[in-house]
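A short worksheet on the structure shown next.
The values are calculated or read from the model by the stated rules, or taken from the named source; none is laboratory data. Bear in mind the structure is a predicted one, so any value in this text is a computation, not a measurement. Note that we place each Cβ from the backbone using ideal geometry, even for glycine, and neighbour counts take in every protein chain shown. Only protein heavy atoms, including side chains, enter the accessible area calculation; ligands, DNA and RNA are left aside. Shrake-Rupley method; radii C 1.70, N 1.55, O 1.52, S 1.80 Å.
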Amino acid sequence: MTYKRSAGLLLFRRTDGSGAEPGVEVLLGHMGGPLWSGRIAGDWAIPKGEYGPEETPRDAARREFTEEIGLPPPEGEYLPLGEVRLSSGKLVTIWAVEADLDPALMVPGTFTLEWPPHSGNVQEFPELDRVAWCTPEMAQSMLIPAQLPFLERLLVLLKA
């Protein structure tokens, strides 16, 4: 059986922090469309998307960033955060990259969906309806649970 593959970029930026050590924030996107409207906890994600065998995971991560955020992927050192296999079997690969981005500049990519279901009415919705910088504590409650290992790996990497 062949499973789908997905790749993405987890942007992070260093902050002054509120404690003795400098802090960090990560950029997360809120999933767009009617199913996620009005929800907050567990409905934010690392910008990512599927790719096929003709594309490398890193190239796919960069392309998907542009498709979902509407901005070019950041330059800089790409830190591999590894892979996670979802319960669906999909294999997700994520890289972290240090960069700053103004969420107001986002121009989201879109998808079409029949909504309401079985209505015959096809509408266009943003893949991500907004992005925001989050502290790790905020991100732990906002991020979809399957992507939490990537946040944890980034924090370990930044402490090393």
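Of the listed requirements (1) modelled with pLDDT of 95 or more; (2) surrounded by 14 or more Cβ atoms within 10 Å (Cβ to Cβ); (3) closer than 17 Å to Leu154 by Cα, Ala45 misses just one: (1).
Quick check on Val122: is it over 18 Å from the mean Cα position of the chain (by Cα) and either surrounded by 11 or more Cβ atoms within 10 Å (Cβ to Cβ) or over 16 Å from Val84 (Cα atoms) (or both)? Full working, then the answer.
Numbers: over 18 Å from the mean Cα position of the chain (by Cα): yes; either surrounded by 11 or more Cβ atoms within 10 Å (Cβ to Cβ) or over 16 Å from Val84 (Cα atoms) (or both): yes.
When the stated conditions are applied, Val122 passes them.
Which residues, taken from segment 131-154, are touching a residue at least 12 places away in the same chain (Cβ under 8 Å) and exposed (fewer than 15 other Cβ atoms within 10 Å of the Cβ)?
Scanning segment 131-154 gives Thr135, Ser141, Pro145.
Each residue in segment 53-69 was checked for being open to solvent by less than 80 Å² (accessible area, probe 1.4 Å), at pLDDT below 95 and over 23 Å from Glu98 (Cα atoms), and 0 pass. Look at segment 82-97: where a residue is closer than 15 Å to Thr2 by Cβ and a partner is open to solvent by less than 30 Å² (accessible area, probe 1.4 Å), sitting 6+ places away or on another chain with Cβ atoms under 6 Å, you get Arg85/Leu91; Lys90/Ser6.
Count of segment 72-95 residues, restricted to those that are assigned to a loop (DSSP other than H, G, I, E, B) and surrounded by fewer than 16 Cβ atoms within 10 Å (Cβ to Cβ), is 9. Check Val122, Val97 and return the single one that is among the hydrophobic types (A, V, I, L, M, F, W, C) and either more than 13 Å from Val26 (Cβ to Cβ) or in contact with a His (Cβ under 6 Å, 6 or more places away or on another chain) (or both). Result of the check over Val122, Val97: Val122.
Which residue out of Pro108, Pro117, Pro136 is of a type outside the set (Phe, Trp, Tyr) and either at pLDDT 90 or above or touching a Phe, Trp or Tyr at 6+ places or on another chain (Cβ under 8 Å) (or both)?
Working: Pro108 fails: either at pLDDT 90 or above or touching a Phe, Trp or Tyr at 6+ places or on another chain (Cβ under 8 Å) (or both); Pro117 fails: either at pLDDT 90 or above or touching a Phe, Trp or Tyr at 6+ places or on another chain (Cβ under 8 Å) (or both).
Being of a type outside the set (Phe, Trp, Tyr) and either at pLDDT 90 or above or touching a Phe, Trp or Tyr at 6+ places or on another chain (Cβ under 8 Å) (or both) holds for just one of Pro108, Pro117, Pro136, which is Pro136.
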